[in-house]
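Structure first, then comments.
Please treat every number below as a calculation from the coordinates, not as lab data. This structure is a prediction, so every number in the text was calculated from the model and none was measured. Don't worry about glycine lacking a Cβ; one is built from the backbone with ideal geometry, like all the others, and counts go over all protein chains shown.
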Amino acid sequence: MLKHNLRILIMATLSLALVSCSSNPPQTSSSNARISGPVNYKQSHKDGAPWWDVDVSKIPDAVPMPHAGNFKAAPYTVLGKRYYPIQEARHYRATGTASWYGTKFHGKDTANGEVFDLYGMTAAHKTLPLPSYVKVTNLENGRSVTLRVNDRGPFYSDRIIDLSFAAAQKLGYAEKGVARVSVEGIDPYEWWAQRGQPVPEHGISNTVLAQQKQTVELHQPERYTPPTQHVAAVNPRQVESEAPMAQGLYLQVGAFANPDAAQLLRDKLSALTTAPVFINSVVRDQQVLHRVRMGPVPSQNEAEHLQDRVRLANLGWPALVSTD
């Protein structure tokens, strides 16, 4: 009888252990609280930080500008819940938890129709009109950023705003994942008046535009548009010597100011596929850019297959480049 009872006890203990192991919830990153865009609300892969490193202190905050045209503020439904956006942001004030989103949505369309750049100074909000501008302050350290709201979310939990990875880094909570913040709507006219300047008649000044253009080109490698011709050679110790590209299809996966970052991506891609991977360097606006490319690719189908492999490996969003 004692042996029989002992056997029952052991079997019960093992059964409880198996149930416990099978019921553990899956681990997710902090930014999985957001659902992307107006269409694709479910994604299969996890969100996270980019593998390429950028000094976010050099990325300028968003510059508030009046919006010409209609705001996107119509009611919408996500996961069975109805949301009613407000018609203006200037009087908006809220305090709560902020999260961030990154590689999972990088290069994809936002709810506003713009392209999400994890190194852009943008944010997602459930009810602010699109576009609008906000000042977000990390109440734990006092840091603030000015952001352009161009997306919807976060739709999970009680978080009030989702910031780009760069914005979260500048606020000092990217590694932690979340932070308690205050969010204040911005009136662009008041913003410029406080600085003693009228709103620029022809939009943002050329200086600001040039700065933002450089930010996009250097910090969003997989969406970088290459120049039409080679301009200058670079140090052969940093990159391979460049030869004219053979006719065919090529995929550009990244463009970097830092040659080490380009070499790192090349090594990762070379380990992923047997397709030729090389670095093609040009000078643009007095800045050497090291472009990581794959090819030539024999067919459109093969190019699309390679694009899928690179994306699934979370190494970027390759752009198709053809030669004349």
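Here are a few things to note about the model shown:
- Length gained when the stretch THR97-GLN194 is fully extended (0.36 nm per residue, less Cα-Cα span): 32.1 nm
- Under a 5 Å amide H cut-off, with hydrogens placed 1.01 Å from N, ILE161 pairs with SER99 among residues at least 5 apart or on other chains.
- Tensor-based shape of the range 59-194 (alpha-carbon gyration tensor, a/c under 1.5 rounded, otherwise prolate or oblate): rounded
- Between amide H atoms placed 1.01 Å from N, distances below 5 Å from ARG143 occur with ASN138, all of them 5 or more places distant or on a separate chain.
- Ranked ARG90, ARG195, ARG293, ARG152, criterion: other C-beta atoms within 10 Å, fewest first: ARG195, ARG90, ARG293, ARG152
- Out-of-range pairs (alpha-carbon distance over 22 Å; input LYS104/LYS135; LYS176/LYS268; LYS58/LYS108; LYS81/LYS176; LYS72/LYS135; LYS104/LYS126): LYS104/LYS135; LYS176/LYS268; LYS58/LYS108; LYS81/LYS176
- Euclidean distance of C-alpha centroids, the range 250-324 and the range 71-108, integer Å: 34 Å
- Proxy reagent accessibility, fewest Cβ within 10 Å first, across LEU320, LEU128: LEU320, LEU128
- Each Lys or Arg adds one and each Asp or Glu takes one away; over the other residues whose Cβ falls under 10 Å from the Cβ of ALA168, this sums to 0.
- Rounded to whole Hz, the Karplus (6.51, -1.76, 1.60) HN-Hα couplings of the range 126-131, x for glycine and proline: 6, 10, 6, x, 10, x
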